[in-house]
Amino acid sequence: MIKIRGLNKWFGKLHVLKDIDMDVVQKEVVVVIGASGSGKSTLLRCVNFLEFAHSGNIYIDGVEANAKSKNLHQVRADVGMVFQHFNLFPHRTVMGNVTEGLTQVKQVSQKEALEQGEDLLEKVGLSDKSDVYPAMLSGGQKQRVAIARALAMNPKIMLFDEPTSALDPELVGEVLQVMKNLANEGMTMIVVSHEMGFAREVGDRVVYMDEGRIVEEGHPDQIYSNPQNERTKAFLGQIL
Amino acid sequence: MIDLPWDFTAIPRFFPGFYAAALLTLQITFFGIIVGVVLGLVTGLMRLSKNPLINTPARAYIWIIRGTPLLLQLMIIYYGLIDLVSIERMPAAIIGLGVHNGAYIAEIFRGAIQSVDRGQREAALSLGMTHTQAMRRIILPQAFKRSVPPLGNQFIIALKDSSLASAIAVRELLLRARQMGSSTLMMLEMLMIVGVYYLMMTSILNLLMGRIEKRLEVSDYQD
């Protein structure tokens, strides 16, 4: 589904991604962990072409895309993204947020978009909020709307960039639950998150990144219980 | 009782006589603002372009217009260009005021667009929108809302600046006051009448902009 080969990226002099190779197969849930500055968010943003790598190749569903691709917006439509700070459109209602991509990108009729929107909001448990503006929602509700908004495009893969990091602790669970349901339905996902419970329950693989490299990867049980790399051990010692 | 050299009872008496001049002031301001907003939007967007062929003309326009007096600009348009094109005084005043305000409004729009969180654009792009769609559907609506207060301010400045059109013989409020002052020998009284007109018009404009701001507040509870 996703194939990454030899990805390198610099921010000025800072080498943030170093020779990243990664494969994600269909229905796989990959959880990426690592300290801040390890490059995990940048990697995710490269997969959605919000950042461009300086070298290396990214294949989405077998098709290569890069900064020069003319159809980047179509590629992005197939890759759903959920942001740490939600990035909901404040001038649109909840329903407006969810249907924006449907009517503008997929050119679905307003009526059909509303029907799909209702289904999606039901899926994330927010049917009663459809006419509310994002500002009136809690963080957990906002993130669930953001997930519904991304799902509306019927993406082949969903990327989550620290989806629960900006949430109050008591709101984390509701977002994770929606993500777990999604994983159980067979959605292919790359999740940057330190939520170990989530990783262990639905993750197929945990990838540990440090200083722009993938240092260790493996089954969640193995990574969390029996990490091999010294740096992985040290990092897990800090967060657990 | 001290005998003042002024006859303030002249103020209400002559007040209605300025009606036509006030209308001219309003016309210059209104059309000048329209020209200014259109120019400002185009220039503001050009200024944000990464292509130097597009942003350089915008930068130059803003630099020159903001760096020279409106009075000079009006004179160049009306008197200076006379060998090239002869422009009537009203259109000259409207073009002058419009071009002048366009430069300021461009900066207002640019600032408002840049103040919209980067994540908004990223969210729009990640849904598969093109850059144009993201700008039109997501960024500009939010930027417009934020530009309402500074725009209101600029409109009030434009209204007052329209008095400079008196220098190119447009018989708007200020020129009318000076002419009436000379003919009646009641200069202060006439100038005060004009002051009241301006104050009334700016107050109404202020109220109007406040209303619009309130209206736009509906979804404005940012986190």
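Values quoted throughout were computed directly from the atomic coordinates according to the rules given, and no laboratory measurement underlies them. Just so it is clear, the model here is predicted, and its values are computed rather than measured. Because the Cβ atoms are built from the backbone with ideal geometry, glycine has one as well, and the counts that use them run over all protein chains shown.
On the principal axes of its alpha carbon atoms, segment A:175-221 extends 32, 18, 18 Å, with the longest extent given first. Residues whose amide H lies under 5 Å from that of A:V215, counting only those 5 or more places away or on a different chain, are A:Y208, A:M209, A:D210; hydrogens are built 1.01 Å from N in the peptide plane. Once backbone amide H atoms are built at 1.01 Å from N, A:T188 has A:K27, A:M158 as its partners under 5 Å, excluding neighbours fewer than 5 places away on the same chain.
Mind giving me the FRET efficiency for A:S165 and A:M1? R0 is 25 Å, r the Cβ-Cβ distance, nearest 0.05 is fine.
Here the calculated transfer efficiency is 0.50.
Let me see the P(r) profile for segment A:101-240: every Cα-Cα distance counted, bins of 10 Å, each bin given as a percent of all pairs. The percentages, shortest bin first, are 11, 36, 31, 16, 7, 0. Partner lysines whose Cα lies under 26 Å from the Cα of A:K123, excluding those fewer than 8 positions away in the same chain, are identified as A:K27, A:K106, A:K111, A:K142, A:K156, A:K180. Length gained on full extension, A:A135 to A:A234: 31.7 nm, using 0.36 nm per residue less the C-alpha separation.
The string of couplings for segment B:95-103 from the Karplus curve (6.51, -1.76, 1.60, θ = phi - 60°) is 4, x, 5, x, 5, 5, 5, x, 5 Hz, one whole number per residue in order, with x for Gly and Pro.
Using the alpha-carbon positions of chain A, Rg (one decimal) and Dmax (whole number) come out as 17.8, 56 Å. Against the empirical curve 2.2 N^0.38 Å, the C-alpha radius of gyration of segment A:21-133 lands at a ratio of 1.25. Counting Cβ atoms of other protein chains within 10 Å of each Cβ in B:117-124 and taking the mean gives 6. Using a simple spin-label model with pseudo-atoms 7 Å out from Cα toward Cβ, B:L191 and A:Q107 lie 6.6 nm apart. Per residue of A:84-90, other chain Cβ atoms within 10 Å of the residue Cβ number 6 on average. Helix A:110-123 and the long axis of chain A differ in direction by around 50°, with both axes built from C-alpha atoms.
A Gaussian network model of chain A, with springs between Cα atoms under 10 Å, assigns the largest mean-square fluctuation among A:G117, A:G125, A:G140 to A:G125.
Summing Cβ point charges (Lys, Arg +1; Asp, Glu -1) relative to the Cα centre of the protein assembly as shown gives a dipole of roughly 1420 debye. For segment B:1-147, the equivalent ellipsoid built from the Cα gyration tensor has semi-axes of 41, 22, 13 Å, listed from largest to smallest.
For A:R205, the residues 5 or more places off, or on other chains, whose built amide H falls under 5 Å of its own are A:V29, A:V31. Each 20 Å bin from zero holds the following percent of Cα-Cα pairs in the protein assembly as shown: 21, 39, 24, 13, 3, 0.
Each residue, B:I34 and B:S182, gets one label point 7 Å from its Cα in the Cβ direction; the gap between the two is 3.3 nm. Projecting the Cα atoms of A:F49, B:G44, B:P57 onto the charge dipole of the protein assembly as shown, computed from C-beta unit charges around the Cα centre, puts B:P57 farthest toward the positive end.
Summary of packing: across the peptides A:63-73, A:25-35, A:81-91, B:70-80, the per-residue average of other C-beta atoms within 10 Å ranks them, highest first, as A:81-91, A:25-35, B:70-80, A:63-73. Averaged over the residues of A:42-48, the number of partner chain Cβ atoms lying within 10 Å of the residue Cβ comes to 1. For the pair B:A169 and B:N51, a Förster radius of 41 Å applied to the C-beta separation gives a FRET efficiency near 0.45, rounded to the nearest 0.05. Modelled spin labels at B:S115 and A:F52, positioned 7 Å past Cα toward Cβ, are 3.1 nm from each other. Ranked from largest, the principal axis spans of the Cα set of segment B:1-65 equal 71, 26, 13 Å.
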